[in-house]
Amino acid sequence: MACPVSLKQTIVALCLSAAGSACAATPFVARDHVDDGVFTTGIEGPATGADGALYVVNLGKDGTIGRVDNSGKAETFLTLPEGSIGNGIRFGADGSMFIADYPRHNILKVDPVTRVVSVFAHLPGAHQPNDIALAPNGTLYASDPDWAKPDNGQLWRIDRDGSVHLLESGMGTTNGIEVSPDGRHLYVNESVQRNVWAYDLDAEGTLSNKRLLIRFDDHGMDGMRSDADGNLYIARYDAGVVAVVSPQGELLREVPLKGRKPTNVAFGGADGRQVFVTLQDRGAVETFQADRPGREYGLQHASHR
């Protein structure tokens, strides 16, 4: 027996609705989150806080920190002290925001309640602390490239008491940096040389067994983050993609972007699977869904464990 027209229409509507939802949730398809020109060409960061919002440096002018809500609306969260400009951002277990201040060679700390900015650590002899990674035990690691001398990059550890340790010098243009979910490995990439290095990491933060994880034949690299399985999401500067690399160094996929110059990535969203990408050439933020949550995406997931 033929279905009544009204029933057919209902079925079609339900199918279209389901298809639309599936499309909206299709993994690894980038879309705009923040429009062109909202941030400066110094757009970087990014990180999600306990409130689920995205925090990105240089909203409208350098030296600011922007807060982006779930709808993509950006507003100024704070302005850094005169002469300071942020790059990488991470959030500590107590909600404190840590910012790499590259002109003043500092790691800044922002109180989550008062928004007061203080110097958590100073890196003497640094070129420009660039990206930072937060280990599960609260230790910070910072990349320190020398853009004038491609083989003069450095790598730093910042302990929980703010003491600093130069771990390695004479590297390439150290840039993206990340710690594995179990805290046992550190990853550092070199933009100009296009290498990603892996280290073993012990409980005291000592590095050993340096090895090449992967090398790319073209374009550059910038910031990177790990998902909960230890896969690295690497911003491939001037290639217009985010590369996903396994802990064994296998290139799993490349996620095409609208912009060509991604500077960094961060995980967020209610389930941690939403990836945010900052784009230098657009001054914008793009986003896509991953198939796994990030190893860290603010603190909103911690309260549900």
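How much length is gained on full extension from H122 to T79, taking 0.36 nm per residue of separation minus their Cα-Cα distance?
Details: separation 43, 0.36 × 43 = 15.48 nm, distance 1.95 nm.
Gain on stretching H122 to T79: 13.5 nm.
Using DSSP to define loop residues, name the GluC sites (Glu not before Pro) in the stretch 151-224 whose beta-carbon has at most 15 other beta-carbon atoms within 10 Å. Kindly include the intermediate steps, with their values, before the conclusion.
On the way: sites: E168, E178, E190, E204; in loops: E204.
For GluC sites (Glu not before Pro) across the stretch 151-224 that sit outside H, G, I, E and B with at most 15 neighbouring Cβ atoms in 10 Å, the list reads E204.
Between E168 and residues 5 or more places away or on another chain, which pairs have amide H atoms under 5 Å apart, with H built 1.01 Å from N, and which residues are they?
So E168 has HN proximity to L155.
Once the whole set of protein chains is in place, how much accessible area is left on M97, using a 1.4 Å probe, in Å² to the nearest 10?
Counting only protein heavy atoms, the figure is 0 Å².
How many percent of the accessible area of the chain is carbon or sulfur, using a 1.4 Å probe?
Values: 6770 of 13170 Å².
That share works out to 51 percent.
Pulled fully out, how much extra length does the chain show between S71 and T206, if you take 0.36 nm times their separation in residues and subtract their Cα-Cα distance? Before the final figure, lay out the partial values.
Working: separation 135, 0.36 × 135 = 48.60 nm, distance 4.14 nm.
Full-extension gain reported as 44.5 nm.
At a Förster radius of 35 Å, what calculated FRET efficiency corresponds to the Cβ-Cβ distance of V29 and Q248, to the nearest 0.05?
Values: r = 26 Å, r/R0 = 0.74.
In this case the efficiency is close to 0.85.
Quick check: net charge around I85, other residues with Cβ under 9 Å of its Cβ, Lys/Arg +1 and Asp/Glu -1? Write out the running numbers ahead of the final one.
Numbers: positive: R104; negative: D62, D101.
Taking every Cβ under 9 Å from that of I85, the sum is -1.
Place a +1 charge on the Cβ of each Lys and Arg in the chain and a -1 charge on the Cβ of each Asp and Glu, then give the dipole magnitude about the Cα centre in debye, rounded to the nearest 20.
On the way: 28 positive and 38 negative charges, 126 e Å.
Result for the chain is approximately 600 debye, rounded to the nearest 20.
Helix 5-24 versus the longest principal axis of the chain: what angle, 0 to 90°, nearest 10, using Cα atoms?
Tilt of helix 5-24: around 10 degrees.
Taking only the alpha-carbon atoms of the chain, what semi-axes of the equivalent ellipsoid follow from 5 times the gyration tensor eigenvalues under a square root, in whole Å, largest first?
Working: eigenvalues 239, 94, 68 Å².
Each semi-axis is the square root of five times an eigenvalue, giving 35, 22, 18 Å.
Cross-chain or 8 or more residues apart, Cα under 24 Å: how many lysine pairs in the chain fit that? Count them up, please.
Numbers: K61/K73; K61/K109; K61/K258; K61/K261; K73/K258; K73/K261; K149/K210; K149/K261.
Taking the chain as the scope, the lysine pair count is 8.
Which value results for Rg/Rh of the stretch 56-199 when Rg is the Cα radius of gyration and Rh the Kirkwood radius based on the inverse mean 1/r? List each step's numbers first, then the result.
Details: Rg = 14.9 Å, Rh = 15.5 Å.
Rg/Rh: 0.96.
When the chain is fully extended, how far beyond the present Cα-Cα distance does D218 get from D151, taking 0.36 nm per residue of separation?
Details: separation 67, 0.36 × 67 = 24.12 nm, distance 1.80 nm.
Extra length from D218 to D151 when fully extended: 22.3 nm.
Separation of the stretch 211-227 and the stretch 115-177 by C-alpha centroid, Å?
18
What accessible area per residue, rounded to a whole number of Å², is obtained for the stretch 199-305 using a probe radius of 1.4 Å? The partial results should precede the final answer.
Working: 4340 Å² over 107 residues.
Per-residue value: 41 Å².
Please sort 240-252, 217-229 by packing, taking for each peptide the average over its residues of neighbouring beta carbons within 10 angstrom, highest first. Numbers along the way, then the final one.
Details: 240-252: 17.0, 217-229: 19.2.
Highest-to-lowest ranking by the protection proxy: 217-229, 240-252.
The values are calculated or read from the model by the stated rules, or taken from the named source; none is laboratory data. For clarity, every value in this text was computed on a predicted model and none was experimentally measured. When we count neighbours, we look across all protein chains shown, and the Cβ atoms used for this are built from the backbone with ideal geometry, even at glycine. The area values use the complete protein model at the heavy-atom level, side chains included, leaving out ligands, DNA and RNA. Shrake-Rupley method; radii C 1.70, N 1.55, O 1.52, S 1.80 Å.
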